[in-house]
Number of protein chains: 2
Amino acid sequence: MPARAPDPQRRSERARVAVLEAALALCRERGFAALTIEAIAERAEVSKKTIYRWWPSKGAVLLDAVSLLAGRVADFPDTGDLEDDLTAQISVIVDLLTPPDSSPVAALVTEGQRDATLGAQIRDDVVQPTIVNFDARMRSAQAAGQIPADVDLDVAVDLFYGPVYHRLALRLGMPDQAQIRARVRHVIAGLNAVG
Amino acid sequence: MPARAPDPQRRSERARVAVLEAALALCRERGFAALTIEAIAERAEVSKKTIYRWWPSKGAVLLDAVSLLAGRVADFPDTGDLEDDLTAQISVIVDLLTPPDSSPVAALVTEGQRDATLGAQIRDDVVQPTIVNFDARMRSAQAAGQIPADVDLDVAVDLFYGPVYHRLALRLGMPDQAQIRARVRHVIAGLNAVG
């Protein structure tokens, strides 16, 4: 039996994962500003040409790399306790953004503010799917009578997630779990008080 | 009477303001990424050397330029109506950050996320003084019995301002005045419900 030819699809998937892992590691070590396609290629042991065939920029590499991590973000726990579940889910996001100066996810958020094309892609590929799941969790809480049926979910998402981005954008220090829980509790109370 | 010698201090102040106005105008026209010290010098009719004598980077120029605008941000109206006053004050901030892709203030916030030194300076020179005035406005509301005396003001500032930075960072569209007011109303209700 002749030796099997190497499977080009499997090899190409291995190279893709190596590139994404190299980008994450280098971003953590050096920060996004010092990240280069050349360094990613060297670390991943692929050619720069290979990287440019798949991605137009280092921001685009990082977006795909962060998507490797983002499954955890999009999944919403539903234990029946809304305060616990939102505290847990927001804590996962805070962990991904910490420490802000070397977190690849924080670098990607910042880069998305600078680069309109990348920013729109982040919003459409990562943020909006998470909001769809957030809305489903809110509807479950509405069905359980924990928040009013007529709550404006656009208001709710801004209030629950806002503190994280306020503190990130203005360098006010990322919140710990007790601080996250205090904010979640106030928002749930506010949604119930206004409806 | 001999002609007066030119006043070097007045001339230097004129040059400083010309540089700051040039930086703001160019940032609006071209965006922060395309802003260069060379272009600022040309527009302001000063030498690059003059700019570098006063500022270490284009981010530092923009911080001073934005400080020209920031008096409006730091001042908190106190008409006695907390919902009106916070809606008005947050609307001023939203105006300064709009449109996010050409607002010099939005560019400065983003640059402060990338550059730790600049970010700390923005926080200390612009954000913290605004929070001091926010706290004073909250204490006035507490004295008027509009929010509980034991409200955690760190929670309050995150909840009131969070929606703006959530929408800015994730490109969800800046809120209009009715949307700002709806969020403010929920936060005030939440502060009163939890205390």
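So here's what we get for this one:
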read-out	value
Other-copy label distances relative to B:P148, 7 angstrom Cα-Cβ extension, nm	2.0
Farthest positive-ward along chain A dipole, Cα basis, beta-carbon charges - from A:I188, A:V126, A:P148	A:V126
Expected-Rg normalisation [2.2 N^0.38 Å, Cα atoms] applied to region A:93-195	1.17
Loop-resident sites, region B:28-107, for GluC sites (Glu not before Pro), counting at most 16 other Cβ within 10 Å (DSSP)	B:E45
Segment B:A143-B:D7, extension gain: residue separation times 0.36 nm, minus the distance between their alpha carbons	43.9 nm
At 0.890 mPa s and 25 °C, Stokes diffusion of region B:1-157 via Kirkwood alpha-carbon radius, µm² per second	139 µm²/s
CD proxy at 222 nm, helix term only [per DSSP H run n ≥ 4: -39500 (n - 2.57); per residue of chain B; nearest 500]	-23000 deg cm²/dmol
Solvent exposure of chain A as accessible area per residue, Å², 1.4 Å probe	47 Å²
Inter-copy spacing of B:R14 label points, which lie 7 Å from Cα along Cα→Cβ, given in nm from shortest upward	7.0
Buried accessible area, chains B and A (both chains, 1.4 Å probe, Å² to nearest 100)	3700 Å²
Along principal axes, Cα extents of the protein assembly as shown, largest first, whole Å	109, 56, 29
Approximate spin-label separation A:D101-B:L153, in nm, with each point projected 7 Å along Cα-to-Cβ	2.8 nm
Extent along principal axes [Cα atoms of region B:67-150; Å; largest to smallest]	41, 25, 20
Ascending list, in nanometres, of distances separating the A:P77 label from those of the other copies (7 Å, Cα toward Cβ)	4.3
Label-point gap, in nm, between B:N133 and B:D81 - each point 7 angstrom along Cα→Cβ	2.1 nm
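The values are calculated or read from the model by the stated rules, or taken from the named source; none is laboratory data. Just so we're clear, the structure is a prediction, and the values are computed from it rather than from any experiment. Because the Cβ atoms are built from the backbone with ideal geometry, glycine has one as well, and the counts that use them run over all protein chains shown. Ligands, DNA and RNA are stripped out before the accessible areas are found, and what is left, the full protein with its side chains, is counted by its heavy atoms. Shrake-Rupley method; radii C 1.70, N 1.55, O 1.52, S 1.80 Å.
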